[in-house]
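Peer 1: What follows is a single structure, and I will ask about it in a moment.
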Amino acid sequence: MNDAKSTHNVFLVGPMGAGKSTIGRRLSLMLQRPFWDSDPFIEEQHGLTIPEIFIAEGEAGFRALEKAAIAELTGYPGIVLATGGGAVLDADNRRCLRERGWVVYLSASVAVQLARTRRDTHRPLLQTADPQARLEALLAQRDPLYRDVADVIIQTDGRTVRHIVRLILQRLPYECLNSLRNSPKDRP
Ligand code: S3P
């Protein structure tokens with residue numbers, strides 16, 4: 001773990017269905033820090049849903065918007081940020097995440113991801129005949145990238161949101177949990 005980071009940001013990475021948004025929201029309440037979620041941020045900025053962006057601009061168009069969102073949101077001070085599952089694909093995104101916050105990788109097995117996203121119609125990459133094969137391929141490609149940026153790795157299978165948040169709080173370093181008031185560097 002890189003103890004030299006002087007930031008109070010917490011960034012959540014991990015695959016679809018790992019619980020990044022739910023856990024991020026709960027963690028932000030516990031830490032009393034603002035919560036941001038990159039997908040709703042992109043949707044609000046562009047007035048289109050994620051599926052509409054994929055239709056209009058393709059995945060490459062979405063990734064460009066996601067990159068701009070990650071660059072902006074990781075620059076905010078003292079936040080909890082849930083990122084989209086593919087945010088780690090881009091090297092600049094990985095650098096922003098690594099350098100500007102404490103990164104928590106919420107990992108989940110494909111079986112659990114599949115169960116949690118079963119009825120989902122909002123994730124274009126899962127609108128396929130074989131979502132299990134898609135999730136397996138995505139995890140094989142991305143797991144090394146999540147690990148590459150992570151300061152903390154939490155396995156979420158079979159754990160409640162409450163338990164996961166407690167584990168995160170136990171594993172984040174003191175420099176991150178320390179009150180914002182003690183860190184003028186973190187102010188805008
Ligand atoms: C994606 C994950 C989604 C969203 C988009 C692409 C991915 O976010 O960004 O559908 O590439 O894994 P969640 O991880 O929040 O579902």
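Peer 1: Among the residues of region 1-18, how many are near the ligand (Cβ under 10 Å from one of its atoms) and open to solvent by 20 Å² or more (accessible area, probe 1.4 Å)?
Peer 2: Here the count works out to 1.
Peer 1: What's the number of the only condition in (1) open to solvent by 10 Å² or more (accessible area, probe 1.4 Å); (2) over 13 Å from the mean Cα position of the chain (by Cα) that R94 fails to meet?
Peer 2: (2)
Peer 1: Could you count how many residues in region 67-92 are within 15 Å of the ligand (Cβ to nearest atom), in contact (Cβ under 8 Å) with a residue 12 or more places away in the chain and in a helix (DSSP H, G or I)?
Peer 2: The qualifying residues number 7.
Peer 1: Residue check, S28 against (1) free of Cβ contacts under 8 Å to residues at least 60 places away in the same chain; (2) away from the ligand (no atom under 15 Å from the Cβ); (3) more than 27 Å from T160 (Cα to Cα); (4) crowded, with 16+ Cβ neighbours inside 10 Å, all met but one. Which one?
Peer 2: (3)
Peer 1: Sticking with this structure for a sec: Any idea which residue in region 105-140 is farthest from the ligand (Cβ to nearest atom), counting only those that are under 18 Å from G24 (Cβ atoms) and touching a Lys or Arg at 6+ places or on another chain (Cβ under 8 Å)?
Peer 2: So, considering only residues that are under 18 Å from G24 (Cβ atoms) and touching a Lys or Arg at 6+ places or on another chain (Cβ under 8 Å), the one farthest from the ligand (Cβ to nearest atom) is Y105.
Peer 1: Listed residues R63, R95; which is of a type in the set (D, E, K, R) and either touching a strand residue (DSSP E or B) at 6+ places or on another chain (Cβ under 9 Å) or within 12 Å of the ligand (Cβ to nearest atom) (or both)?
Peer 2: R63
The values are calculated or read from the model by the stated rules, or taken from the named source; none is laboratory data. Every value quoted in this text rests on a predicted model; they were computed, and no experiment measured them. As a convention, Cβ positions derive from the backbone with ideal geometry for all residues, glycine included, and neighbour counts pool all protein chains shown. Surface areas here come from the heavy atoms of the whole protein model, side chains and all, with no ligands, DNA or RNA. Shrake-Rupley method; radii C 1.70, N 1.55, O 1.52, S 1.80 Å.
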